[in-house]
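Written below as structure tokens is the structure these notes are about.
The values are calculated or read from the model by the stated rules, or taken from the named source; none is laboratory data. Note that this is a predicted model, so its numbers are computed, not measured. Don't worry about glycine lacking a Cβ; one is built from the backbone with ideal geometry, like all the others, and counts go over all protein chains shown.
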Amino acid sequence: MKFMIKNKLRLEAKGLIGSEDHDTSAHEMLRSIQKLFAADKVISREKREVPLKEALGRVVAEEIRAQYDLPMFAESLRDGFALACSEPQQKTGQNRFVLVGESGAGDPLGIRLETTETWKVMTGGEVPVNGTRVVPQEWCSVQGNIISIDSCRLAGPAYIKRKGSELLQGSLIIGVGEVVSPASLVKIAEAGCATLRVFCPPRVCFCCTGKELVEAGTVPGAAQKISSNQHLLTALIEQCGCEGYDHGIVGDEKSLVGNFFNASLQGDFDLVITTGGTGGGAFDLVERGFVDAGGTLICTSVALRPGKSLLVGRKGDTIYIGLPGPPRAVHTVFMEIVAPLLAAMRGVKDAELLCILAVVQEDIALKTRGCLVVKEGVLFFENGCCKVRMLTKNETSSCNILIAPGRDQIHAGEKVEVHLRQPLGQISCLGSHL
């Protein structure tokens, strides 16, 4: 007898996806799905102190503010001669100054210059207290201790970075929920911080189901194939900044599926993922195995292709997601559903996929009208225009093309919404919707 789930949920019934709603963008429909799952997510609140060399890509748990002005002193942007005059002595021709000293980067300097004097400084070095500009040395003529500078060179850039011009003491450098980038590491280090508090990454346990699967490196037997989803999920989870734990291949047997869920739902993991076995067939056992292990299903069907038989559930603080079996479908659904969830669990502020508009290069025919369709695509620029085309064999997808319900064809020249296939938290414009 087919196993039935009480309160089986289809997202259309909640008004999250309308099959003929042309006023709602495909991007907004996916956001509705993500919000439904996010309502039951557990956001990681554990924090740890890490040194800066281990902070790249981590999510900040406590804001960082500058401990002092940046730069801490007025510094020269060129090797050259520092002056204290506000305007040229001679309106035309050469202006002459007496060289009274020289210093390099790292040499303390607290002197004041007369308007007729100059001091030679190096790039990054401190300039005199009343210095108004640094004239690059290649623009100057040196004869003994007399430095001659043409009047036109005294009206250009000052080549001095003033104290506090980049950051004032107490200024916010990076806030809670922001992802540490190489550029932010520079500011954090310059601001005097050697460590910072970050959210602990979510722990994700996964397995690939199917008696036909064998490990990579094994010669497949009759009716067998390599389990490539193991390596796909390992890479995607790592790209999302999370800790992945591969449980391996689980055969299509009730006891094996039950053992996996009993082991993974004990509270040691924030998210549990399976691939395959969600179709409701005789050998599709993950839905029942999850419930038998004490899990509660939130969703057993979504008006989304691929991903129609997506499973979402929860046991205690652990979220469960059952993905389809084909690797390309796993990749697509992971980027659209799982990646935003993991970003939110990591503590990323405004964890939302980047959505842009692109012009379709050629017609796209669809087999179904009643659900949201996500197609793998290749994004490119042509004559200054952002365009997208369908993925061909042996290509790597750079984006997902989003097609709202109610369409059976997208014509060349139309604009469609696309999501970039880049993990959340690794792009500077995170959360933007162009």
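Out of region 158-208, which residues are of a type outside the set (G, A, S) and without any contact (Cβ under 8 Å) to a residue 12 or more places away in the chain? Write out each step before concluding.
Taking region 158-208 first, the residues of a type outside the set (G, A, S) are 159-163, 166-169, 172-174, 176, 178-180, 182, 185-188, 190, 193, 195-208.
The one that is of a type outside the set (G, A, S) and without any contact (Cβ under 8 Å) to a residue 12 or more places away in the chain: V186.
If you go through region 294-327, how many residues are basic (K, R) and under 14 Å from V373 (Cβ atoms)? Qualifying residue count for the region: 2.
Scan G370, G413 and give me the residue that is out of contact with any Leu (no Cβ under 6 Å at 6 or more places or on another chain), of a type in the set (G, A, S) and under 26 Å from P340 (Cα atoms).
G370
When the criteria are applied in full, D292 meets the requirement of being without any contact (Cβ under 8 Å) to a residue 60 or more places away in the chain, in the same structural domain as P340 (by TED's automatic domain parsing) and charged (D, E, K, R). Figure legend. Inter-residue proximity from region 214-236: first residues under 15 Å from I273 (Cα atoms) and touching a residue at least 60 places away in the same chain (Cβ under 8 Å), second residues among the hydroxyl-bearing types (S, T, Y) and buried (at least 16 other Cβ atoms within 10 Å of the Cβ), beta-carbon distance below 7 Å, spacing 6+ or different chains. Indicated pairs: N229/T275. For the criterion of being without any contact (Cβ under 8 Å) to a residue 12 or more places away in the chain and among the polar types (S, T, N, Q), Q143 passes. Selection of region 107-137 for residues being among the hydrophobic types (A, V, I, L, M, F, W, C) and in a strand (DSSP E or B) yields W119, V121, V134, V135. Of the strands (runs of 3 or more DSSP E) lying entirely inside region 283-402, those containing at least 3 residues that are among the hydrophobic types (A, V, I, L, M, F, W, C) and over 28 Å from R203 (Cα atoms) are 355-360, 372-382, 385-390.
Can you name the residue in region 243-279 that is of a type in the set (S, T, N, Q) and outside any loop (DSSP other than H, G, I, E, B) and, of all such residues, is farthest from R203 (Cα to Cα)? Filtering first and then ranking leaves S255.
Scan region 74-82 and give yes if some residue there is touching a residue at least 60 places away in the same chain (Cβ under 8 Å), touching an Asp or Glu at 6+ places or on another chain (Cβ under 7 Å) and part of a strand (DSSP E or B), otherwise no. Yes: region 74-82 contains one or more residues that are touching a residue at least 60 places away in the same chain (Cβ under 8 Å), touching an Asp or Glu at 6+ places or on another chain (Cβ under 7 Å) and part of a strand (DSSP E or B).
Within region 370-388, the residues that satisfy the criterion of being of a type outside the set (G, A, S) and surrounded by 15 or more Cβ atoms within 10 Å (Cβ to Cβ) are C371, L372, V373, V374, K375, E376, V378, L379, C386, K387, V388. When you scan region 198-214, do you find a residue that is among the small types (G, A, S), part of a loop (DSSP other than H, G, I, E, B) and in contact with a helix residue (DSSP H, G or I) (Cβ under 7 Å, 6 or more places away or on another chain), even just one? No, there is no match, as no residue in region 198-214 is among the small types (G, A, S), part of a loop (DSSP other than H, G, I, E, B) and in contact with a helix residue (DSSP H, G or I) (Cβ under 7 Å, 6 or more places away or on another chain).
Filtered by the rule that a residue be within 47 Å of the chain's Cα centre (by Cα), modelled with pLDDT of 90 or more and surrounded by 15 or more Cβ atoms within 10 Å (Cβ to Cβ), region 87-118 gives a lone residue, S103. Selection of region 190-205 for residues being under 22 Å from the mean Cα position of the chain (by Cα) and either modelled with pLDDT under 90 or not charged (D, E, K, R) (or both) yields T195, L196, V198, F199, C200, P201, P202, V204, C205. When Q230, Q224, Q239 are screened for being under 23 Å from R328 (Cβ atoms) and in contact with a Pro (Cβ under 7 Å, 6 or more places away or on another chain), only Q239 passes.
Take the conditions (1) farther than 19 Å from E336 by Cα; (2) surrounded by 12 or more Cβ atoms within 10 Å (Cβ to Cβ); A365 misses just one of them, which is (2). Set side by side, the residues E336, E352 differ, and just one is surrounded by 18 or more Cβ atoms within 10 Å (Cβ to Cβ) and closer than 30 Å to Q266 by Cβ, which is E336.
Testing L167 on (1) under 30 Å from V135 (Cα atoms); (2) under 24 Å from the mean Cα position of the chain (by Cα); (3) crowded, with 18+ Cβ neighbours inside 10 Å; (4) not hydroxyl-bearing (S, T, Y), one condition comes back false. Which one is that? Only one criterion is unmet by L167, namely (2).
Every test in (1) out of contact with any Leu (no Cβ under 6 Å at 6 or more places or on another chain); (2) farther than 30 Å from V180 by Cα; (3) modelled with pLDDT of 90 or more is passed by A84 save one, and that test is (1).
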